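One structure is given below, encoded as structure tokens.
Nothing in this text is a laboratory measurement; each read-out follows from the coordinates by a stated rule. All values reported here derive from a predicted model rather than from experimental measurement. Here Cβ is always computed from backbone atoms with ideal geometry, including for glycine, and neighbour counts include all displayed protein chains.
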Amino acid sequence: MEQLRELENRLVLMAKHAEEMLQLTFEALRHEKVELGEMSEKMAAVIRGDERELTAALAELGTRHPEQREALKGVVAVVGHLGRIGEQTDSVLHDVESKMRDRLAFSAQAMHDLTFLFESAQYLLRCAKDTLLTRNAVLTKYIQETGGTLRESIEKFSLDHEDRVLEGQCQADASALFLSILDALSGVIAHTRAIAERVVRTPRT
């Protein structure tokens, strides 16, 4: 169906927007530049618009072509997961903006951990975007396995953070932001894994 393929192409663009927002948010954190945060906020608005427009278009298509609903359901699911990735990244952005506004400092280890997670989440999302084009089952397995390893890394980073707090290496306000960012990035990774899994289970039209 030509119209569905067009919507799937728009879905790939939405994934690209989510990846760009994640990159901008990370750059705002790393360089402490307000203007990068503002650019990320604009991308968040683009992603919200993507979600509304694609969901409405898919609903209209499903009404006209009920025989294609199984394929359409998979695309609807991916749109939703990308929307939630945008929301989780927006949550990170708010924490980054709070950090800049209140002039809070993360420890060198905390920044090292976050750099690793941001870069890994971006790469995983890029791989998931590729599954939208290829529906590659091997790539999907890689995303699942890598995402599981990243979840374990987040748990370790959280435990290591507790030690830093008790050793007096971390400010209380900065501690809350660090944990909030960890939680949001965990959500980004979880939704990315869900995208890859759903794509390969969706029948082609």
Calculate the dipole size of the chain relative to its Cα centre from +1 charges on Lys and Arg beta carbons and -1 charges on Asp and Glu beta carbons; express the result in debye to the nearest 20.
820
Most fluctuating residue given options 185, 29, 166, as computed from a GNM of the chain linking Cα atoms under 10 Å
166
How would 92, 79 line up from fewest to most surrounding beta-carbon atoms within 10 angstrom?
79, 92
Cβ-defined net charge surrounding residue 46, 14 Å radius [Lys, Arg +1; Asp, Glu -1]:
-4
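Counting helices only, and only those DSSP H runs with n ≥ 4, report the 222 nm mean residue ellipticity of the chain as the sum of -39,500 (n - 2.57) divided by its residues, in deg cm²/dmol to the nearest 500.
Values: 6 runs with 181 residues, N = 205.
Theoretical 222 nm ellipticity from helices: -32000 deg cm²/dmol.
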For residue 30, put the label point 7 Å out on the Cα→Cβ axis and report which residues of segment 113-129 keep their amide N under 20 Å from it.
113-128
So what J values fall out for segment 140-156 if you push phi through Karplus, 6.51 cos²θ - 1.76 cosθ + 1.60 with θ = phi - 60°, rounded to Hz, Gly and Pro as x?
4, 4, 4, 4, 4, 5, 5, x, x, 5, 5, 4, 5, 5, 4, 4, 5
Residues in segment 168-205 that a label on residue 67 would reach, taking backbone N under 17 Å of a point 7 Å out along Cα→Cβ
203-205
Please say if segment 78-124 is rounded, prolate or oblate, where rounded means a/c under 1.5 for a ≥ b ≥ c the square roots of the C-alpha gyration tensor eigenvalues, and otherwise the choice is prolate for a/b larger than b/c and oblate otherwise?
oblate
Between residue 112 and residue 135, how high is the FRET efficiency from 1/(1 + (r/R0)^6) when r is the Cβ-Cβ distance and R₀ = 41 Å? Nearest 0.05.
0.70
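Any chance you could run the full-extension gain for residue 12 through residue 165? It's 0.36 nm times the residue separation minus the Cα-Cα distance, nm to one decimal. Please list the in-between numbers first.
Working: separation 153, 0.36 × 153 = 55.08 nm, distance 4.12 nm.
Residue separation times 0.36 nm, minus the Cα-Cα distance, leaves 51.0 nm.
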Given segment 116-205 reduced to its alpha-carbon atoms as identical point scatterers, what log10 I(q)/I(0) does the Debye formula return at q = 0.10, 0.23 Å⁻¹?
-0.32, -1.03
In the neighbourhood of residue 73 defined by beta carbon distances under 11 Å, the net charge of the other residues (Lys, Arg +1; Asp, Glu -1) is +2
Sum of side-chain charges, residue 126 neighbourhood, beta-carbon under 14 Å (Lys, Arg +1; Asp, Glu -1):
-1
Choice from 26, 178, 116 showing the highest fluctuation, given a GNM over the chain with Cα pairs closer than 10 Å
116
For the chain, with the dipole built from +1 on Lys and Arg beta-carbon atoms and -1 on Asp and Glu ones, taken about the Cα centre, which of 133, 158, 123 lies farthest toward the positive end?
133
Based on alpha-carbon positions alone, could you give the equivalent ellipsoid semi-axes of the chain from the gyration tensor, as √(5λ), descending, whole Å?
35, 18, 12
